[in-house]
Each structure stands twice: as structure tokens, then as C-alpha cells.
1. Which residues, taken from region 114-146, are more than 22 Å from the chain's Cα centre (by Cα), among the polar types (S, T, N, Q) and farther than 26 Å from residue 73 by Cα?
2. Being part of a strand (DSSP E or B) and either among the basic types (Lys, Arg) or away from the ligand (no atom under 16 Å from the Cβ) (or both) is the filter here; which residues of region 64-87 pass it?
3. Return the residue satisfying two criteria in turn: it lies in region 33-53 and is assigned to a loop (DSSP other than H, G, I, E, B) and more than 12 Å from the ligand (Cβ to nearest atom), and of such residues it is farthest from residue 101 (Cα to Cα).
4. Quick one: count up the residues across region 158-175 that are surrounded by fewer than 24 Cβ atoms within 10 Å (Cβ to Cβ), touching a residue at least 40 places away in the same chain (Cβ under 8 Å) and touching a helix residue (DSSP H, G or I) at 6+ places or on another chain (Cβ under 8 Å).
5. If I filter region 306-327 down to residues being in contact (Cβ under 8 Å) with a residue 60 or more places away in the chain and part of a helix (DSSP H, G or I), which single residue comes out as farthest from residue 4 (Cα to Cα)?
6. Being closer than 27 Å to residue 270 by Cα and acidic (Asp, Glu) narrows it down to one of 234, 221, 241, 193, so name that one.
7. I'd like the residue in region 213-249 that is of a type in the set (S, T, N, Q) and under 20 Å from the mean Cα position of the chain (by Cα) and, out of all such residues, is nearest to residue 155 (Cα to Cα).
8. Whether any residue in region 106-113 is within 20 Å of the chain's Cα centre (by Cα), within 15 Å of the ligand (Cβ to nearest atom) and part of a loop (DSSP other than H, G, I, E, B) is what I want to check.
Amino acid sequence: MKKRKLGSNGPEVSAIGLGCMGMTIKYGQLDDEHSIETIHHALDNGLNLLNSSDAYGNGKNEELISLALKGRRQEAVINTKFGQIRKTDGTMDINGRPEYVQEACEASLKRLGTEYIDIYSQHRVDPTVPIEETVGAMSRLVEQGKVLHVGLSEAGDETVRRANKTYPIVCLETEYSLWSREVEEEILPTCQELGISLMPYAPLGRGFLSGSIRSSSDLSEDDQRVMQPRFAQENIDQNIEKLVVLEEVAKEKGFKPAQVAIAWILQQDENLVPIPGTKRTKYLNENMRAVDLFLEKNDLDRLSDVFAIGETAGTRYPAGHMKLLGV
Ligand SMILES: NC(=O)c1ccc[n+]([C@@H]2O[C@H](COP(=O)([O-])OP(=O)(O)OC[C@H]3O[C@@H](n4cnc5c(N)ncnc54)[C@H](OP(=O)(O)O)[C@@H]3O)[C@@H](O)[C@H]2O)c1
């Protein structure tokens, strides 16, 4: 497995990470046993970066990772997050207060069964707390030896700059894929300038770019994605037209659309470490193979043209959640 370095002073990690979210929130049927097998398979093949959050399954994701890492903690680079709390009425509470940062980290350490978190990230920026205070609290976790590196997720340009002045930010986790390319306009150049890695999440468009979701009826009623505007039938109908080119390129190369979608990201910049999510060894194998897929300039251009910025039908999240992005 090829490696990439996170940030200026961060750890060396596999060129792609493993997004673990779908192991505990509904992206189809859950299967703990196979999810653990998938994490083991990742480690066995040199894929060491595991992406989680205390929000995924309300702590269950971290507990699952703890089970998977029994006796293998040193082999993994754990990236978990705090600060996005789902309330019982389904709405979101964002908390970046310093005392909460400490409390959330201690709870994550306990669930993960580890003495340290490799990369600890703020899941969503709390607009009511100056970023210097939140990142200041995160830097104290580093002093205490509980955290090795500090990251952010979905933060806006100004916030990233202020945060990085407070304490070096190793990575920024943000949605980036063929159908979500807005980061190219401001955030990616900022990360390049500051020596921060961008960790593209949902690099497969939450499964859409694999070509396996062609109708909203392909998702069960309790699948989390039915809440996402891009999985409404009228948006699928428009976005599916773009898949034709992705599927063409994949066929010509002898790879699958999901693999081309990952390779396209990896070739945009050395500073990118995408984290495709899966709970299946079969998909994991395919995604790992994408690291060695080279796309010619002509292929990259064809894909970039058809998936032009701002042309995807439907927003990334429902309206309420959109307000939490780029803060
Ligand atoms: N920071 C944030 O706010 C944030 C938000 C969302 C996600 N994330 C992180 O990013 C990770 C990835 O995002 P995501 O899981 O939402 O979306 P994604 O990686 O774009 O897509 C995941 C979906 O694609 C399917 N899939 C994976 N590999 C495939 C392949 N080779 N062929 C066909 N289908 C394939 C998976 O199926 P199976 O589920 O059946 O394996 C899953 O349904 C998450 O796991 C999470 O760790 C972070």
C-alpha cells in the first residue's frame, strides 16, 4: 500500500483510509462481525488509517474499532472526532467548549480502549466558541499525551487559518469527490498553502459514484441516505447522466467506477488522503487497488468536465445541516 504524509508534521498513513461510519449507521444492513473482519483486512494490507467519530452510532463506532484493534493498536492510526451531538429529537447540537473537548476526548479514549488518539478532530465548528478556545483545548490534550495530532472537519477558510495559528492542524476532513468539488475553489488551496492535508470524505458520493444506486428505491426506508437531497429521485435522475462518462472511463481502464472515482481524487494532489467507507472486504479490496490505477490526463479532463463544479443536482445535506458547513 502506497503511503502519504498527513500535514507538515503528521504521521505517514496509507494513501487511502477506511471510513468506518457505515459500520454503525445505516448504509444498508449492519454486520459487526464482517465490519471487524474488514478492519483486520485493512491492517493486514497496510491500510492503517481508520476514520471514526463519537457521533457514529452514538459511540458504538469507537467501541467496534476497539474490538477490532484488540492486540493490534500499534498498527492503526485512529482518527476520531467530537462536537456533533445528535439530540433525541433528531436535531444536532454542536459543542466546541473547552471543558466539553476534554470530556469528549476522555469518553472516546475509554470507548476506544486506548491511551491515545492519533488524530483528534472537531466534527463541526461551533460558531458560538472562538476557534482559538476549542483548538487551545485540543492542544492541551496533546500536552497531556491523550492526542497526537489535531484536525478539523468542514471548517471554513478563515477558521482553518485561525485554528492553524493556535496549533498546527494536520488535516481537514471535508466532503470531496467528483460530484462535490467546491473545495477546489478555496479550501484546498488554503490547505496546500498551510501544509495541511485534506482528507476527502464520502469520496464515492456515499455510494452513488459506484453506479450501484440508480433509484431511491435501491435504498431501504431506514437507510440514512434517504434524508440526503442528492438521493431524492429527481436529483438521482439528473446526476445519473454524469455516471455514463465515469462508467465509460472505468470500462476502458478495466476497473470499476468506484475505483476510478478514488483514483481521480488521488491524482488531484499529493496532499489528499481520501477515506472511502465500507464494511465489506470485497469493496475494501477494490478500493485499495484504486491506489495503483493511473488515469491519463485525457481521462481526468473528461471526468472533470462532466462533473463540473456546482453542477450536481441537490445539496450535500438537508438545508439545516448546510448551515453547519464552512463555518
Ligand atoms: N467529517 C464528516 O462530517 C464526515 C461525514 C461523512 C462521512 N465521513 C467519513 O467518511 C467516510 C466515507 O464516507 P461515506 O461512507 O459517507 O461515503 P463513501 O465513502 O462515498 O461511500 C460509502 C458507500 O459506498 C459503498 N462502497 C464502498 N466501496 C465501494 C465499492 N468499491 N463499490 C461499490 N460500493 C462501494 C459502501 O458500501 P457498504 O456500506 O455496503 O460497504 C457505502 O455504501 C465515512 O465512513 C466516515 O468515516 C465524515
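1. 128
2. Scanning region 64-87 gives 81, 86.
3. 45
4. So the answer is 2.
5. For region 306-327, the residue satisfying everything is 320.
6. 193
7. Step by step, filter region 213-249, then rank; the result is 228.
8. Looking through region 106-113, none of the residues is within 20 Å of the chain's Cα centre (by Cα), within 15 Å of the ligand (Cβ to nearest atom) and part of a loop (DSSP other than H, G, I, E, B).
Values in this text are rule-based calculations from the coordinates and carry no lab data. Since the structure is predicted, the reported quantities are computational estimates derived from the model, not experimental observations. Cβ sites come from the backbone with ideal geometry, for glycine too, and all protein chains shown count toward neighbours.
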